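Student: Pasting in a structure now, in structure tokens, and then I'll have a few things to ask.
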Amino acid sequence: MSEKPEIKSAKEQTAFSQEVGAKAERKLKARRSSSQGVWFGLGMMGLVGWSVAVPTLLGAALGIWLDNRLPGSHSWTLMLLVIGLVVGCLTAWHWVANEDTEMRDEQGEDDE
């Protein structure tokens, strides 16, 4: 047996139509304004990668230098490598969070 589709009131259809229209307009505007495309995304990934890699490598290099100058029971290399990794991850997280906030603010302005 076939079920009849539920008939919505004109008010519900209007609200739904407005929501669909707003989403479609947002998508079209994003396509027009996002001329960066794939290269922009790859550049952002590279920037995040470097912001993690550089402090990690600097911490490891400083740790190796300290291990050669100040031998001891603990490894400066390992400790500074982990500290560099944490600093790099926090830097990348902060940068990505700022970019996300800017994108949301921009999108909020578009919706108004």
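Since every read-out is calculated from the coordinates, none of them should be taken as a lab result. What you see is a predicted model, and the numbers here were worked out from it, not measured in a lab. Because the Cβ atoms are built from the backbone with ideal geometry, glycine has one as well, and the counts that use them run over all protein chains shown.
Student: Would you please list the contacts, defined by Cβ atoms under 7 Å and residues six or more apart or on different chains, that run from a residue in the range 55-66 that is farther than 19 Å from THR91 by Cα and in contact (Cβ under 8 Å) with a residue 60 or more places away in the chain to a residue that is among the basic types (Lys, Arg) and part of a helix (DSSP H, G or I)?
Tutor: none
Student: So, ALA60, is that one of a type outside the set (Lys, Arg) and exposed (fewer than 14 other Cβ atoms within 10 Å of the Cβ) or not?
Tutor: For ALA60, the condition - of a type outside the set (Lys, Arg) and exposed (fewer than 14 other Cβ atoms within 10 Å of the Cβ) - is not met.
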